[in-house]
Every structure is written in structure tokens, then in C-alpha cells.
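Visitor: Let me begin by handing over the structure; questions about it come next.
The values are calculated or read from the model by the stated rules, or taken from the named source; none is laboratory data. Keep in mind the model is a prediction, meaning the values are calculated, not measured. Every residue, glycine among them, receives a Cβ derived from its backbone with ideal geometry; neighbour counts consider all protein chains shown.
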Amino acid sequence: DQQVKQNSPSLSVQEGRISILNCDYTNSMFDYFLWYKKYPAEGPTFLISISSIKDKNEDGRFTVFLNKSAKHLSLHIVPSQPGDSAVYFCAASAGQGAQKLVFGQGTRLTINP
Amino acid sequence: GAGVSQTPSNKVTEKGKYVELRCDPISGHTALYWYRQSLGQGPEFLIYFQGTGAADDSGLPNDRFFAVRPEGSVSTLKIQRTERGDSAVYLCASSLMLTDTQYFGPGTRLTVL
């Protein structure tokens with residue numbers, strides 16, 4: 001039972017344009033959500049998080065949107081840069097902050113020059 | 001070093017053998033997590049420690065898997081009677097406190113022949 005789903009295995013975006021990565025979850029107990037970025041042969045690197053009491057969180061070029069009624073979150077990257085090419089994982093946890101994380105399958109983002 | 005380190009980076013073993021995977025968390029981090037990432041999947045939670053004690057080991061797949069953190073710093077994940085299905089990247093993460101952002105190490109790639 002996949003509680004966190006990233007339905008797009010891959011996404012290709014032109015440099016300078018907006019990248020939108022999507023994530024859906026099924027467990028209504030999840031109240032904290034994160035995005036991690038992973039380069040080959042490295043561990044996941046934390047990007048941005050959002051608590052369920054908010055519907056948007058912004059950090060520089062990265063913005064995460066949370067739609068609790070739809071159990072959906074998205075990560076927007078604008079403008080996209082070649083260094084953003086990586087695998088992006090959505091993760092969720094229940095109970096006040098990042099504890100036992102449940103990850104999606106990941107989306108491979110490729111930024112084309 | 002400033003980040004989470006894991007040794008070895010790669011481990012090849014034969015079916016039925018015993019292996020130990022080591023994790024050195026970021027200095028001062030009280031919480032430590034183990035995840036397992038199979039090919040094409042996101043990381044899957046195994047166990048986490050708060051200090052020396054295992055706070056939640058619900059993700060350990062069976063009793064062949066065991067983890068310790070005797071002094072509240074370094075942790076060792078132990079796998080007995082390895083099986084081919086145990087082949088994966090084993091990731092360790094640490095956080096300052098239990099609900100804080102988790103920082104991941106580069107992982108140990110385990111291959112069971």
C-alpha cells in the first residue's frame with residue numbers, strides 16, 4: 001500500500017522555465033511534508049518542508065503548495081537551472097515534525113539547456 | 001567531517017553471510033534513522049533511535065535485522081543470514097532533535113550474491 005505516490009517517474013523542462021513536481025498521499029494522519037533532492041551516489045538532500053497548518057511555503061526558487069482536501073502537494077522550481085537535474089522525493093510524516101518519513105517513488109527531473 | 005558518514009560505501013557478500021553497516025551521525029545529533037532504498041523506489045523506513053534506545057523499530061522486515069547505538073552516537077545495522085532480497089542501498093540519517101530535519105548520509109550499497 002503506497003501511502004505517498006509520485007505518479008510521474010520523469011519530467012523534462014527547459015532551462016529558465018518552471019518545473020512542477022507532484023505528489024499525492026492517502027494517509028490523513030500525515031501532517032508534515034518534505035521534499036528531498038538526490039544526485040547519483042549521494043544521499044537525499046533536504047530542500048523544503050511544509051506543515052499541514054500552512055498551504056504554501058517558499059524558499060528562494062522553491063515553493064511547496066499543500067492542498068489538504070485533495071491530499072496533494074506540489075513543488076515548484078522557478079526558474080529551473082541545469083543543476084536542478086536530479087531525482088526528487090516527496091516525503092510525509094505523522095505527529096509534529098519529521099520523524100518516521102514515508103517516501104514516494106521519486107521523479108527524475110531533467111533540465112535541458 | 002560535517003555530514004553523516006557511512007561505511008563501507010559498498011559491500012558485496014554471499015547469501016547466508018552476516019554483515020554490519022556503520023553510520024556516524026552529525027556531531028550533537030540525538031536522533032538517528034535507518035532507511036533502505038531498493039532500485040526504482042523511495043527510501044523505506046527501518047528504525048530510529050532517540051539517544052541510545054530504539055524509539056521505533058517497526059520498519060525492520062524480520063528478525064534477521066538488528067540495529068544498535070550503544071553510546072548514543074555511532075550506530076550499526078546488523079543483518080544475519082543475508083538473502084538476495086536484502087540487496088539495496090542502506091541510508092542513515094540524523095537530526096538534532098527527534099522532530100527536526102533529517103540529514104542523510106551517502107548510503108551503503110549492499111549486494112548479496
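Visitor: Listed residues B:72, B:40; which is free of Cβ contacts under 8 Å to residues at least 40 places away in the same chain and more than 10 Å from the chain's Cα centre (by Cα)?
Guide: Result of the check over B:72, B:40: B:40.
Visitor: Residue by residue through segment B:65-100, note down the ones that are in a loop (DSSP other than H, G, I, E, B), buried (at least 16 other Cβ atoms within 10 Å of the Cβ) and within 11 Å of another protein chain (Cβ to nearest Cβ).
Guide: Hit for segment B:65-100 is B:98, nothing else.
Visitor: For residue B:18, state whether it is modelled with pLDDT of 95 or more and under 28 Å from residue A:10 (Cβ atoms).
Guide: For residue B:18, the condition - modelled with pLDDT of 95 or more and under 28 Å from residue A:10 (Cβ atoms) - is not met.
Here is a yes/no grid of residues against (1) over 24 Å from residue A:89 (Cβ atoms); (2) exposed (fewer than 12 other Cβ atoms within 10 Å of the Cβ):
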| residue | (1), (2) |
| --- | --- |
| B:10 | no, yes |
| B:17 | yes, no |
| B:33 | no, no |
| B:36 | no, no |
| B:42 | no, no |
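Visitor: Could you check how many residues of segment A:79-112 are closer than 22 Å to residue A:9 by Cβ and not in a strand (DSSP E or B)?
Guide: Adding up the residues that qualify gives 10.
Visitor: Then there's this: For segment A:3-20, name all the residues that are loosely packed, with under 14 Cβ neighbours inside 10 Å, in contact (Cβ under 8 Å) with a residue 40 or more places away in the chain and assigned to a loop (DSSP other than H, G, I, E, B).
Guide: Result: A:9, A:15, A:16, A:17, A:18.
Visitor: Taking residue A:53 as the residue in question, decide whether it is more than 30 Å from residue B:8 (Cα to Cα), among the aliphatic types (A, V, I, L, M) and at pLDDT below 95.
Guide: yes
Visitor: Give just the number: which of (1) modelled with pLDDT of 95 or more; (2) surrounded by 17 or more Cβ atoms within 10 Å (Cβ to Cβ) does residue B:48 not satisfy?
Guide: (1)
Visitor: Taking residue A:26, is it away from every other protein chain (no Cβ under 14 Å) and either over 30 Å from residue B:6 (Cα atoms) or of a type in the set (Val, Ile, Thr) (or both)?
Guide: yes
Visitor: Taking segment B:51-64 as the region of interest, how many residues are outside any loop (DSSP other than H, G, I, E, B) and within 14 Å of the chain's Cα centre (by Cα)?
Guide: The qualifying residues number 2.
Visitor: Are any residues in segment A:72-113 surrounded by fewer than 18 Cβ atoms within 10 Å (Cβ to Cβ), more than 14 Å from every other protein chain (Cβ to nearest Cβ) and either of a type outside the set (Gly, Ala, Ser) or within 17 Å of residue A:58 (Cα to Cα) (or both), and if so, which ones?
Guide: Within segment A:72-113, A:72, A:74, A:76, A:78, A:79, A:81, A:82, A:110, A:112, A:113 meet the criteria.
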